[in-house]
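The values are calculated or read from the model by the stated rules, or taken from the named source; none is laboratory data. No experiment lies behind these values; they were computed from the predicted model shown. Glycine gets a Cβ as well: all are built from the backbone with ideal geometry, and neighbour counts include every protein chain shown.
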Amino acid sequence: MSDTGFTRLAGVVLAGGQGSRMGGQDKGLVPFRQAPMISWTLEQVRPVVDHLMISCNRNMHLYSRFGETLVSDHEVGYCGPLAGIQAALAELDAGFSHLLVLPCDTPLLSLQVIDQLVASARQYPDHIVFLKTGDREHYLHAVIPVCYQIALKQWLASGQGAVGRWYRQFPHYVLDASRDGDCLLNMNTPELLAVGA
């Protein structure tokens, strides 16, 4: 398939969760190697996208210091990652065809893996593309066609929130990143953060 359906790429880094496994801390702002954890992902993704957003539901004054557009869940409370993706999609104008989604808690993520993800999305522009390592699927490392925005809004309005189930309603392509699995380690507990540091 060609990339004729792929025009401009936006990106969102998801930092809107409760951080329950991190003791309620705002994961994106937790220090990792002397810098806020989200800063590592932002640094890698900036050269890849035409517009970058941070999805956050608290500490906006701190996230605003990174200089990117901030979006928040449209519903009150912590509604899960799809709500952050919906907020990012709603921010985009018609000039954007795809949204690159990344979580804030994989600070070891490499530019090489991001490039592979985007290249696959260009090859399959009508597919939702996401990563896997072995049997584990990384739904929040994904590229989503903007055209699925209305379907996502309807999915959330119906009370659904499962990311993988929503993806599988549409054409999808799973990119095996097992060779680079270490860079997808989720630093979502204090113990893992200590190991990664």
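Say we look at region 155-175 and pick out the residues that are over 16 Å from ILE85 (Cα atoms) and in contact with a Leu (Cβ under 8 Å, 6 or more places away or on another chain); which of these is surrounded by the fewest Cβ atoms within 10 Å (Cβ to Cβ)?
VAL174
Show the residue pairs that are 6+ apart or on different chains and have beta-carbon atoms under 8 Å apart, the first residue being within region 180-192 and over 15 Å from PRO31 (Cβ atoms) and surrounded by 14 or more Cβ atoms within 10 Å (Cβ to Cβ), the second being at pLDDT 85 or above and of a type in the set (Asp, Glu).
What qualifies is ASN186/ASP105.
Name the one entry in PRO107, PRO125 that is more than 21 Å from PRO171 (Cα to Cα), part of a loop (DSSP other than H, G, I, E, B) and in contact (Cβ under 8 Å) with a residue 24 or more places away in the chain.
PRO107
Scanning for something modelled with pLDDT under 95, out of contact with any strand residue (DSSP E or B) (no Cβ under 8 Å at 6 or more places or on another chain), within 26 Å of ARG33 (Cα to Cα) and surrounded by fewer than 20 Cβ atoms within 10 Å (Cβ to Cβ), does region 89-106 turn up at least one residue?
no
Pull up region 47-66, narrow it to residues that are touching a residue at least 12 places away in the same chain (Cβ under 8 Å) and surrounded by fewer than 15 Cβ atoms within 10 Å (Cβ to Cβ), then point me to the one that is nearest to VAL12 (Cα to Cα).
So the residue we want is ASP50.
If I filter region 81-103 for residues that are over 16 Å from LEU14 (Cβ atoms), of a type in the set (Asp, Glu) and in a strand (DSSP E or B), do I get at least one hit?
no
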